[in-house]
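A short write-up of the structure that comes next.
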Amino acid sequence: MRTLALLTLAAFAATAQKRPVTHEDIFLLKRTGEPAVSPGGKLVVFSVTEPAYDVAQQSSDLWIAPTDGSSTPRRLTYSKSAESSPAWSPDSAKLAFVAKREGDDVAQIYILNVSGGEAQRATSSKTAVANPKWSPDGKLLLWETSVKPSSNTKSTARVYDAMPIRFWNAWLDHGKPRIFVGAPGDEKPRDVLQGAKLIESPGFAGLNSGLSSDSTLQPIWSPDGKQIVFTAVTNRHEMMKAETESHLFRVNLSGGEPERISPTGASYARPKFSPDGKTLYAVGQRNSNAQQVFYLNRLGRIDWPSLENGKILTANFDRGVGGYSIAPDSQSILFDAEDDGFSKLFSVSAAGGAVTPFFKEVKEGGYGSPQFAGSRVIAVYSASTQPSEVAEVTPSGHKLISNFNAEKLAALDMPKPEHFWFTAKNGKRIHSVLFLPPALDKSKKYPLLVFPHGGPNSMSGDSFSTRWNNHLLTSQGYAMIETNYTGSTGFGEKFADDIERDVLRGPAREILEAVDEARRLYAWIDGDKQCALGASYGGYLMNWLNGHTKQFKCIVNHAGAVNNESQYGVNDGGLSRELRMGGPVWQTGKGQWMDQSPFRYAAEWQTPSLITQGELDFRVPVGESITTFKLLQRQGVPARLIVFPDEGHWILKPENNRHHMQEVLAWLKKFLG
């Protein structure tokens, strides 16, 4: 009995020592990048970023670890500049990576002997390089860069003859992605696409990557090293009258005109070859149309080099394919997919057939970016209580290979979330995640935050974020519900597509019904103290909710559209918005343009609102937030507008991010206590 009492006291003391999280706790956690497994499967390399509020003090270096977890990770690089995109040589002896080091005007490729020594610069490009890959024989490298048209004018004018003109946070600059090949140190690498008619066509582009105007062709070597397969958009200039398509191409290493090898009617990306070199894989997504806007990403294969026997391997699997890896024996493929509120791993035979779950069960966290490492599987694991780390996974669970934040996390009160389902009045089964307040005492009452995700085609789950961290939002003693309303991914293609004909009204009702269900299930929730938060599509929902319910004490609205017509006119979207809304914007009374436009219901707005916005946001431009603020002022509703002039759709810069969350927490405190 004495032993039991001591253990109980020790457990209580450990719990009591934990404290609610702060912005500094979350933002300054080390961040682990996507792993790169060596060809032999024995080693894994990944980047580790050490954030700082002073950007000049931030660092990002490469680390290496054995995939069997037999020793802790060790640091490979120690430079002030960030290193990214590590690529193993075929013999596992060298790493190529991208960095902008002292003396470099732009990012270059560097090569490091894994056994030791200093990294040596391998390129001397006038424009920034990206995505290095070794040839199968290890003698050559390929990489990407952007080539911009020359101009003699001193004018700062931006000139466009066709959409698109902007993407997320950046104006497009007419740069064209190109593929270069050369031996390390080669002063005159070969532009593989030089002279091709494809790159001169008006619709040629890469796939946009990140938040800048940069794009990628996702090039890979053919198994014999004589060709390069890549992905390119062919009709970007037609985005206002047709769905743009990305296709797979192959081109000889010596150059010439690329050959398109994928059919029309869909977009294809992320090509990979099987280890035996006999099969080419890619992820495809059908084009949106008036009958169906949302389609799942599906995994396809085709024989190489004959390009025969094309087949969709996941045609009967009602979930979207994320990252994927092909087994060393080329007989199966492992991939991640969202499924019922979790990111899980699944397997499918290279010949097709049923998709099978990799895990017996997933109860917390999520897995992504799986990679075979010999007989082992390496993946990224994260949860709301655990930022991303590299892990070895087995059907029974995982073992962390990296665990850089363990000591800091041990001091923080970050309760595991709970999941619940209910049947909405429309008959649909709806999933929600409930995040608990720190030091929960069920004999007390706690205010509730209602935080629907953005997208809308995304999923709330047990995941980690540094931008809208679940535990930071609940740190002042709140519970928080995140509901996977109609339109969410991970619940089937039809469930995700159904939002396209009911963009706000239906999802809002499901969210409010989920709140009622949470209050029924958790008696300690104070139903009289609720605030709603949302960003992007979630912010759009905030403007809708303000006109349709009075149950919230306050609203936090980040980058939320308010007027369907004005947002359409200036954002970076194309034809897909018309397909979603049910017709062209000028057709009065048709579709959802007016009926489900939040500002049409501004006369009903009564809830005090905090509005935050990045001025460089071209997805939901700043005018939308100004309009929201102006309408609230006109109605005499308490409101506060915060605009970050140097931010886009996301508030990312360290001090801006901190100030943003301080404002959010202060607003919640003001109305909820």
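As an exercise: evaluate GLY547 against (1) under 30 Å from ASN208 (Cα atoms); (2) open to solvent by less than 30 Å² (accessible area, probe 1.4 Å) and give the number of the one condition it does not meet.
Exception for GLY547: condition (1).
For segment 31-57, enumerate the residues that are surrounded by fewer than 20 Cβ atoms within 10 Å (Cβ to Cβ), without any contact (Cβ under 8 Å) to a residue 40 or more places away in the chain and either touching a Gly at 6+ places or on another chain (Cβ under 6 Å) or not β-branched (Val, Ile, Thr) (or both).
GLU50, ALA56, GLN57
Consider SER402 carefully, then state whether it is surrounded by 20 or more Cβ atoms within 10 Å (Cβ to Cβ), of a type in the set (Gly, Ala, Ser), touching a residue at least 24 places away in the same chain (Cβ under 8 Å) and assigned to a loop (DSSP other than H, G, I, E, B).
In short, yes.
Results for (1) within 30 Å of ASP528 (Cα to Cα); (2) buried (at least 18 other Cβ atoms within 10 Å of the Cβ), shown as yes or no for each residue.
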| position | (1), (2) |
| --- | --- |
| GLN587 | no, no |
| SER609 | yes, yes |
| ILE651 | no, yes |
| GLU655 | no, no |
| MET661 | yes, yes |
| GLY673 | yes, no |
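Residue check: is ALA354 touching a Phe, Trp or Tyr at 6+ places or on another chain (Cβ under 9 Å), among the aliphatic types (A, V, I, L, M), in contact (Cβ under 8 Å) with a residue 40 or more places away in the chain and farther than 30 Å from ILE228 by Cβ?
No.
For segment 202-229, give me each residue that is under 22 Å from the mean Cα position of the chain (by Cα), assigned to a strand (DSSP E or B) and surrounded by 18 or more Cβ atoms within 10 Å (Cβ to Cβ).
ALA205, ASN208, SER215, THR216 - these are the residues of segment 202-229 that are under 22 Å from the mean Cα position of the chain (by Cα), assigned to a strand (DSSP E or B) and surrounded by 18 or more Cβ atoms within 10 Å (Cβ to Cβ).
For segment 320-331, name all the residues that are within 19 Å of VAL377 (Cβ to Cβ) and open to solvent by less than 80 Å² (accessible area, probe 1.4 Å).
Passing the criteria: VAL321, GLY322, GLY323, TYR324, SER325, ILE326, ALA327, PRO328, SER330.
Of all residues being among the polar types (S, T, N, Q) and in contact (Cβ under 8 Å) with a residue 24 or more places away in the chain in segment 420-442, which is nearest to LEU472 (Cα to Cα)? Just the residue, please.
Residue satisfying both the conditions and the ranking: SER432.
Going through segment 571-627 one residue at a time, which ones are in contact with a helix residue (DSSP H, G or I) (Cβ under 7 Å, 6 or more places away or on another chain), at pLDDT below 95 and outside any loop (DSSP other than H, G, I, E, B)?
ARG577, ARG580, MET581
Taking the conditions exactly as written (touching a strand residue (DSSP E or B) at 6+ places or on another chain (Cβ under 9 Å) and either not aliphatic (A, V, I, L, M) or not in a strand (DSSP E or B) (or both)), does PRO456 satisfy them or not?
No; evaluated as a whole, the condition is false for this residue.
Out of THR264, THR244, I need the residue that is under 27 Å from GLY583 (Cα atoms), without any contact (Cβ under 8 Å) to a residue 24 or more places away in the chain, of a type in the set (Val, Ile, Thr) and open to solvent by 20 Å² or more (accessible area, probe 1.4 Å). Which one?
Exactly one residue qualifies, and that residue is THR264.
Could you tell me which numbered condition ASP104 fails, if it satisfies all but one of (1) open to solvent by less than 60 Å² (accessible area, probe 1.4 Å); (2) farther than 25 Å from LYS653 by Cβ?
Only one criterion is unmet by ASP104, namely (2).
Specify which of the listed residues (ALA354, ALA337, ALA315) is closer than 30 Å to PHE27 by Cα and either open to solvent by less than 30 Å² (accessible area, probe 1.4 Å) or in a loop (DSSP other than H, G, I, E, B) (or both).
Only one candidate passes the filter, namely ALA337.
Working only within segment 499-538, note down all residues that are part of a strand (DSSP E or B), of a type outside the set (Val, Ile, Thr), open to solvent by less than 50 Å² (accessible area, probe 1.4 Å) and under 14 Å from ILE481 (Cα atoms).
Just the residues of segment 499-538 that are part of a strand (DSSP E or B), to begin with: 525-535.
Narrowing further to those that are of a type outside the set (Val, Ile, Thr): 526-535.
Still in the list and also open to solvent by less than 50 Å² (accessible area, probe 1.4 Å): 526-527, 530-535.
The answer is ASP526, GLY527, GLN530, CYS531, ALA532, LEU533, GLY534.
I'd like the full set of residues that are closer than 18 Å to GLY538 by Cβ and within 27 Å of the chain's Cα centre (by Cα), limited to segment 645-667.
Across segment 645-667, the qualifying residues are GLU647, GLY648, HIS649, TRP650, ILE651, LEU652, ASN657, HIS660, MET661, GLU663, VAL664, LEU665.
Scan segment 438-445 and give yes if some residue there is buried (at least 24 other Cβ atoms within 10 Å of the Cβ) and more than 15 Å from the chain's Cα centre (by Cα), otherwise no.
Within segment 438-445 (the criterion being buried (at least 24 other Cβ atoms within 10 Å of the Cβ) and more than 15 Å from the chain's Cα centre (by Cα)), the answer is no, since none of the residues qualifies.
Quick check on my filter: what residues within segment 20-30 are in a loop (DSSP other than H, G, I, E, B) and either open to solvent by 30 Å² or more (accessible area, probe 1.4 Å) or not β-branched (Val, Ile, Thr) (or both)?
PRO20, THR22, LEU28, LEU29, LYS30
Scan segment 118-135 residue by residue and report those that are open to solvent by 60 Å² or more (accessible area, probe 1.4 Å) and in a loop (DSSP other than H, G, I, E, B).
GLU118, SER124, LYS126
For segment 465-478, give me each residue that is out of contact with any helix residue (DSSP H, G or I) (no Cβ under 8 Å at 6 or more places or on another chain) and in contact (Cβ under 8 Å) with a residue 24 or more places away in the chain.
TRP468, ASN470, THR474, GLY477
The values are calculated or read from the model by the stated rules, or taken from the named source; none is laboratory data. Values in this document were obtained by computation on a predicted structure and should not be read as measured data. Here Cβ is always computed from backbone atoms with ideal geometry, including for glycine, and neighbour counts include all displayed protein chains. Side chains are part of the model used for accessible areas, which takes the heavy atoms of the whole protein and leaves out ligands, DNA and RNA. Shrake-Rupley method; radii C 1.70, N 1.55, O 1.52, S 1.80 Å.
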